[in-house]
Amino acid sequence: MTTITTPRQRLAIRGDLLDFTAAPAWGTETDAAVRFRPDHWLLCEDGRIVGAQSGEPDASWPREDHRGRLILPGFIDTHVHCPQLDVIASFGSELLDWLNRYTFPAERRYADPAVAEAGAERFLDALLAHGTTSAVVFPTVHKGSVEALFASARARGMRVIAGKVLMDRHAPDGLRDDVAQAERDSVDLIQRFHGRDRLAYAVTVRFAPTSTPAQLAMAGALCRADATLYMQTHVAENRAEVAWVSQLFPDARSYLDVYAREGLLHPRAVLAHGIWLDEADRRVMADTGAQIAFCPSSNLFLGSGLFDWPAARAAGFRVSAASDVGGGTSLSMQRTLADGYKVQALNGQRLSAWVALHAATRGAAEALSLGHEIGSFDPGCMADVCVWDWACGPVAETRDALARELHERVFAWLTLSDERNLRAAYVAGRPRYQRLAA
């Protein structure tokens, strides 16, 4: 009898390794949670990280030498809209008008399977080209948009969490469903995709105004039936939106309470924005284990408000980082986090590079119950790895050269870099994006 041995897929990547072993403290520039290993080799085998070392690996390891470059875990975007790439950088609206003028017409086009397929391909390639290897994604109300997104993610080996958007009122023709059909579609998609490869299903409520109480109850029943499902929605983004919710749901204590009453808040619930939560809401967030996806670029661009991150930390619930494209203006997590710094500065706080980067890597992974898979260079994690130039152009190069210590250097990189700094992105150890040398 002949035993066939499959060769191991190995790759060693050299550079300055940066990740986190725990959550950094707020406001500190030196933190034991930061794991920085300059000029090390990251060892990847069969799609997973198996270790790191300063010495050269032996001849059995194919090598990618990126010495002098920064190597991070792939970014995790916890709230982003696939079809809204078409309306990014649209002029002159707050949230509710922006939805009607720009977002809904763009999403209606995804009823066409060809549009949905092309849009999913373009969107995921764009994420990778910005250094994002995992994402929690809104497709559209159309079942085919979810199928196209999951198929494209599977082809790239990406960790993607998504689900059919639920909207049975206050939306235009071509974007409304009904409770019964939405439930059938959701159950079918869950059975076909949830937990397959690196895909997971999120019960996806657009936001409270576009779902009837009956649809919200159905969504809650789906969550209760399977605790491994995610839930994603929007909450307390804009003051006019909050006022509208109070009119539509007069018996609810708050906007967040609309979701809480239906069982939609749980440890796998991702709620975007959360700007206008009060102390009671924050306690509910902490008690249920739900997280807020902080979308600073979108909040600034649409004039929605300033999220109070220290108050969230004090209450004890998790905060992750999200681009919210197209409300946000870039898929770049560096640009997003730089805007996060500005939002906190306007609140009288200073966001460190460590807290910011943690929220887009290990912190986001742990908030999604995926710390064993993504977000760090711990052995056993998937080899979702991005290689970055420390500086591009004379201004950034001079600033980098003058940095006196690690936080100063990383903060300057975070502030001055974007997707143009990305050299390579690997998903499960396979190259999915590479920029040719200039």
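For VAL242, the solvent-accessible surface computed with a 1.4 Å probe is close to 40 Å², ligands and nucleic acids excluded. Projecting the Cα atoms of ALA396, GLY220, VAL50 onto the dipole axis of the chain, where Lys and Arg carry +1 and Asp and Glu carry -1 at the beta carbon, places VAL50 farthest toward the positive end.
Annotation: extensible slack from ASN347 through ARG122 equals 77.4 nm (criterion: 0.36 nm per residue apart, minus Cα-Cα distance).
Just want the answer: with Cβ charges of +1 for Lys and Arg and -1 for Asp and Glu, which residue in GLN9, GLY303, GLY348 is farthest toward the dipole's positive end in the chain? Value computed over the given set: GLN9.
Under a model in which nothing but the beta-carbon of Lys, Arg (+1) and Asp, Glu (-1) is charged, the stretch 1-157 shows a dipole of about 300 debye around its Cα centre. The calculated P(r) of the stretch 179-328, using every Cα pair and 10 Å bins from 0, goes 11, 41, 37, 11, 0 in percent.
Of HIS372, HIS79, the residue with the largest accessible area leads and the full order is HIS372, HIS79 (1.4 Å probe).
Heavy-atom accessible surface of the chain, averaged per residue, reaches 38 Å², computed with a 1.4 Å probe. Using a Gaussian network for the chain with springs between C-alpha atoms less than 10 Å apart, which of these wobbles most: GLY174, GLY55, GLY371? Sorting by GNM fluctuation, first place goes to GLY55. Using a cutoff of 8 angstrom between alpha carbon atoms and counting only pairs six or more residues apart, the relative contact order for the chain works out to 19 percent.
A simple count of charges around VAL355, restricted to other residues whose Cβ falls under 13 Å of its Cβ and scoring Lys, Arg +1 and Asp, Glu -1, yields +2. GNM remark for the chain: springs join alpha carbons under 10 Å apart, and the peak mean-square fluctuation among THR212, THR336, THR132 falls on THR212. Take every pair of alpha-carbon atoms less than 8 Å apart whose residues are at least six positions apart; their mean separation over the length of the stretch 281-438 yields a relative contact order of 18 percent. Since only ILE275, PHE91, ALA162 are under comparison, the one whose Cα sits farthest along the positive direction of the charge dipole of the chain, derived from C-beta charges on Lys, Arg, Asp and Glu, is ALA162. When exposed loop sites are taken as trypsin sites (Lys or Arg not before Pro) in a DSSP loop with at most 10 other Cβ atoms within 10 Å, the longest stretch of the chain clear of them is 9-403. Surface composition of the stretch 8-71: carbon and sulfur atoms hold 45% of the protein heavy-atom accessible area at a 1.4 Å probe. Given +1 at the Cβ of Lys and Arg, -1 at the Cβ of Asp and Glu and no other charges, the dipole of the stretch 113-198 around its Cα centre is 340 debye to the nearest 20.
Counting only DSSP H runs of at least 4 residues, each contributing -39500 (n - 2.57), and dividing by the residue count of the chain, the helix-based mean residue ellipticity at 222 nm comes to -10500 deg cm²/dmol. Remark: relative contact order (the stretch 186-338) = 18 percent; criterion is Cα-Cα distance under 8 angstrom and separation of 6 or more residues. About the centre of its Cα atoms, the chain shows a dipole size close to 520 debye [charges on the beta carbon of Lys, Arg (+1) and Asp, Glu (-1) only; nearest 20 debye]. At 1.4 Å probe size, with the rest of the protein present, what percent of the exposed accessible area of the stretch 82-167 is carbon and sulfur atoms? After summing per-atom areas, the C and S share lands at 56 percent.
For the stretch 298-438, carbon and sulfur atoms together expose 53% of the accessible surface, with a 1.4 angstrom probe and every protein chain in place.
The values are calculated or read from the model by the stated rules, or taken from the named source; none is laboratory data. What you see is a predicted model; the values in this text were computed from it and never measured. Methodologically, a virtual Cβ is constructed for each residue, glycine included, from the backbone with ideal geometry; neighbour enumeration extends over all protein chains shown. Accessible surface areas use protein heavy atoms only, side chains included; no ligands, DNA or RNA. Shrake-Rupley method; radii C 1.70, N 1.55, O 1.52, S 1.80 Å.
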